[in-house]
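One structure is given here, and the rest of the page talks about it.
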Amino acid sequence: MSKLPKFFVRSWSLMALLLCVPVPLPAQEATENALDEILITATRIETTVRDAARSVSIVDQERIQNGRQQLALDEALAGIPGLYLQNRYNFAQDLRVSLRGFGARSSFGIRGIKIIVDGIPETLPDGQAGVDSIDLGSARRIEVLRGPSSSLYGNASGGVIAIETELGQEQPFIEANLAVGELGYEKYQLKTGGQAANINYLINVSTQNMDGYRDHSRSEGTLLNARFGIALGEQDSLTVAFNHTDQPVADDPGGINAAQAATDPSSARDRNVLFDGGEALDQQRIGFVYERSRSAGTLTLRNYYVWRDFSNKLPFEGGGSVDLDRYFYGLGAQFAFGDMLPDHMELAVGFDIDRQNDDRKRFDNVQGVIGPLVFDQREKVDGNGVYVQGRLEFSDAWALSAGLRYDEIRFDVADHYLVNGDDSGKVSFDQISPSVGLTYDFGRGLLFGTFSSSFETPTTTELANPDGSGGFNQALDAQTAKSVEIGYKAGSKQLYYELAVFHIDLKDELTPFEVATSPGRTFFVNAGESSRTGIEAAVSWTSTNGFGVDASLTWSDFTFDEFIDNNGNDFSGSRLPGLPEYFGYLALRYETEGGLVAVFETSYSGDLFANNANTVEVPSYVVSGLRATYEFRNGDWLLRPYVGINNLFDERYNSNIRINAFGARYFEPAPGRNIYAGIVIRFQ
């Protein structure tokens, strides 16, 4: 039997199994259904959580900001099923985000997941994204689409994380947030917003310093984030978003082996200290989104520009110091049809054009001092995509959603360092990505089934040749995935719950490895075939007396079906490294009318493997935290002191695992119990 029929047999068998399970219904009346009230926009066609034929999670402003340190996205996204997050404490490596296994391979930045901020892509045309410029202190909402979404956003869309900045309120305000804590943590934030004539504005500036738990892990950073909404008439608007990021220090303590992690977990790798491992960056982003609404339909235009200066030092001499001058920009348009279509139909068409231009240089790293130039090349990436999205309601209960997108990604490298020959070259990828979903509305809940696909090209960094030469690794192919899932979601004012079962087949999965000549630098190879099967469940309940519970549980079986690496090692049948089979989350909330909010959170991560051979097992752990805020109001003034305890029970665990690290340096230990406290002062 061919692979494609086998894929459909296995996937639809999962669907049939779930359809046979009785569907539970909440006790609340259907008239209080909360799913109808929550709008989502990351699906390209604005819809509700109820109508979306896919797994969707929403995080609100209270969960993002209230009583948080706001070190990384994982603080706000920890309870989302299927989303596994690591590396909160290493600012030189970025948060490692995995959504149904997509992004698990990343050793630097975000891979495989589309990141969008205020309608502007944070993900580059080559598929790499960073989160160092995301300002959690002014974020009001995060939408997460779980599962392949290339029919919506093209390259590197194994899932979508869309972040939206706060809006200014009609009554102007100014707010300060001052916080300190153990590990040398300091954060100072000033935010203002309001409405002036036809302009709505929100401006936030913050600075954060942290010494860190491990040696050589200090970080410093300043963020300026602003959003302006300009009303150009009753049905026309222009949104302008601006972000400036300055991170002059982000030291990298590196991965260490098991013996060092056990005896001296706060230590850094000696070579990272010797070669001053770490990074620095400076970035500016400006984006424009224009929306024109008429009875015939809504036209949306977007345009953005990003300038990024980046440098980092790796723990080896030959080419161990990198200097990157990056400029990327793009534009796009979408038209969503209105009165031209019947009420039971929705249709949107659009295109995206994105350009990336990198001037990449490498110098020798002479024990932390920048040495002579050894690598110089210009890398360009052109991404072009066209798409169509639609939804058709057959009846009050049945609806069909479908999407189709075509993408073309072109890589072009010009070698300017010709001492060792000219390594200039080109690589091209193109892909058609379909999706189709069917929903059945029970009145109190929604049953959905979806087929979707995704593709993921190697990034410019991942296309590096393992032999150290310039140009691109012509042996690498794009990773492709086909997914089938079925799920059920139901909700009311007090209770929401969901269940999803999925199966994904992947071809040419991109997998990392290291070589002895460049320790700390990651290269990539295609695995033959792999498969992913999983179950995700979540529930959220709020009582009338202020108590609440949020819980989620994820089970996954992610396996290499066929994988023989470049050295002839056969890893067929191995589990994907870096991901546990089980992980879960539980939060207990209590809120009073007097202004007290207290939250106890605990996360469980099961055993996982650190390498492709599955010979290094990382044990499970449970880590908990507690945070509380109390709000005082006096006229126009608001005071909100807060306190939090991370790792409440002083669990020993690793905040990150470096997959397939050379020399068995897999481990980045996390800090023990640590406390922080702060106060928000607001005048309105």
Only one of (1) within 30 Å of Lys313 (Cα to Cα); (2) part of a strand (DSSP E or B); (3) not hydroxyl-bearing (Ser, Thr, Tyr) is not met by Gly254, so which one is it?
(2)
Is the stretch 549-561 home to any residue that is surrounded by fewer than 20 Cβ atoms within 10 Å (Cβ to Cβ) and in a loop (DSSP other than H, G, I, E, B)?
no
Among residues belonging to the stretch 460-516 that are farther than 14 Å from Arg54 by Cα and basic (Lys, Arg), point out the one that is surrounded by the fewest Cβ atoms within 10 Å (Cβ to Cβ).
Lys493
Return the only residue of Asn198, Asn225, Asn243, Asn257 being surrounded by fewer than 16 Cβ atoms within 10 Å (Cβ to Cβ), under 24 Å from Leu301 (Cβ atoms) and not aromatic (Phe, Trp, Tyr).
Asn198
In the stretch 628-684, how many are charged (D, E, K, R) and in contact with a helix residue (DSSP H, G or I) (Cβ under 6 Å, 6 or more places away or on another chain)?
0
Tell me which of these Arg532 doesn't satisfy, since it passes every other one: (1) at pLDDT 80 or above; (2) at positive phi.
(2)
When you look at Arg410, is it touching a Gly at 6+ places or on another chain (Cβ under 9 Å), farther than 30 Å from Tyr496 by Cβ and in contact (Cβ under 8 Å) with a residue 24 or more places away in the chain, yes or no?
yes
So, in the stretch 410-429, exactly how many residues are buried (at least 16 other Cβ atoms within 10 Å of the Cβ) and among the polar types (S, T, N, Q)?
1
Please list, ordered by first then second residue, the pairs with beta carbon atoms under 7 Å, 6 or more apart or interchain, first in the stretch 526-549 and within 22 Å of Gln494 (Cβ to Cβ) and of a type in the set (Ser, Thr, Tyr), second surrounded by 18 or more Cβ atoms within 10 Å (Cβ to Cβ) and modelled with pLDDT of 95 or more.
Ser540/Asp550
May I ask you to list the residues in the stretch 217-250 that are under 21 Å from Ser295 (Cα atoms), outside any strand (DSSP E or B) and either touching a Gly at 6+ places or on another chain (Cβ under 8 Å) or of a type in the set (A, V, I, L, M) (or both)?
Leu232
Hey, can you tell me all the residues within the stretch 598-607 that are touching a residue at least 40 places away in the same chain (Cβ under 8 Å) and not in a strand (DSSP E or B)?
none
Counting just the residues of the stretch 36-52 that are in contact (Cβ under 8 Å) with a residue 40 or more places away in the chain and more than 16 Å from Met345 (Cα to Cα), which one comes out nearest to the chain's Cα centre (by Cα)?
Ala42
What are the residues in the stretch 430-446 that are surrounded by fewer than 20 Cβ atoms within 10 Å (Cβ to Cβ) and hydrophobic (A, V, I, L, M, F, W, C), if any?
Ile432, Val436, Leu438, Phe442
For the stretch 381-404, what are the residues that are more than 28 Å from the chain's Cα centre (by Cα) and either among the hydroxyl-bearing types (Ser, Thr, Tyr) or within 22 Å of Pro125 (Cβ to Cβ) (or both)?
Ser395
Got at least one residue in the stretch 448-458 being within 15 Å of Val381 (Cα to Cα), part of a loop (DSSP other than H, G, I, E, B), of a type outside the set (Gly, Ala, Ser) and out of contact with any His (no Cβ under 9 Å at 6 or more places or on another chain)?
yes
In the set Asp467, Asp423, Asp477, the lone residue that is assigned to a loop (DSSP other than H, G, I, E, B), under 24 Å from Gly109 (Cβ atoms) and either in contact with a His (Cβ under 9 Å, 6 or more places away or on another chain) or without any contact (Cβ under 8 Å) to a residue 12 or more places away in the chain (or both) is Asp467
Taking first residues from the stretch 658-684 that are at pLDDT below 95 and aliphatic (A, V, I, L, M) and second residues anywhere that are part of a strand (DSSP E or B) and surrounded by fewer than 21 Cβ atoms within 10 Å (Cβ to Cβ), the pairs with Cβ under 9 Å that are 6 or more apart or on different chains are Ile659/Phe513
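Residue-by-condition table, conditions (1) farther than 28 Å from Gly254 by Cβ; (2) among the aliphatic types (A, V, I, L, M):
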| residue | (1), (2) |
| --- | --- |
| Leu608 | no, yes |
| Thr615 | no, no |
| Ser624 | no, no |
| Glu631 | yes, no |
| Leu648 | no, yes |
Given Phe328, Phe363, Phe335, which one is within 21 Å of Ser149 (Cα to Cα), in contact (Cβ under 8 Å) with a residue 12 or more places away in the chain and of a type in the set (Phe, Trp, Tyr)?
Phe335
With the requirement that a residue be in contact with a strand residue (DSSP E or B) (Cβ under 6 Å, 6 or more places away or on another chain) and of a type in the set (Asp, Glu), what does the stretch 84-122 give you?
Asp118, Glu122
Of all the residues that make up the stretch 261-298, how many are over 21 Å from Phe91 (Cβ atoms) and not hydrophobic (A, V, I, L, M, F, W, C)?
11
Does the stretch 567-581 include one or more residues that are surrounded by 19 or more Cβ atoms within 10 Å (Cβ to Cβ), of a type outside the set (A, V, I, L, M, F, W, C), assigned to a strand (DSSP E or B) and at pLDDT 95 or above?
no
I'm trying to understand the selection: among the residues of the stretch 211-227, which are in contact (Cβ under 8 Å) with a residue 60 or more places away in the chain and over 25 Å from Ser237 (Cβ atoms)?
Gly212, Tyr213, Arg214, His216, Ser217, Ser219, Gly221, Leu223
Tell me the residue from Ile163, Ile174, Ile120 that is in contact with a Phe, Trp or Tyr (Cβ under 6 Å, 6 or more places away or on another chain) and at pLDDT 95 or above, please.
Ile174
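The values are calculated or read from the model by the stated rules, or taken from the named source; none is laboratory data. Keep in mind it's a predicted model, so treat the numbers as computed, not measured. Note that each Cβ is placed from the backbone with ideal geometry, even for glycine, and that neighbours are counted across all protein chains shown.
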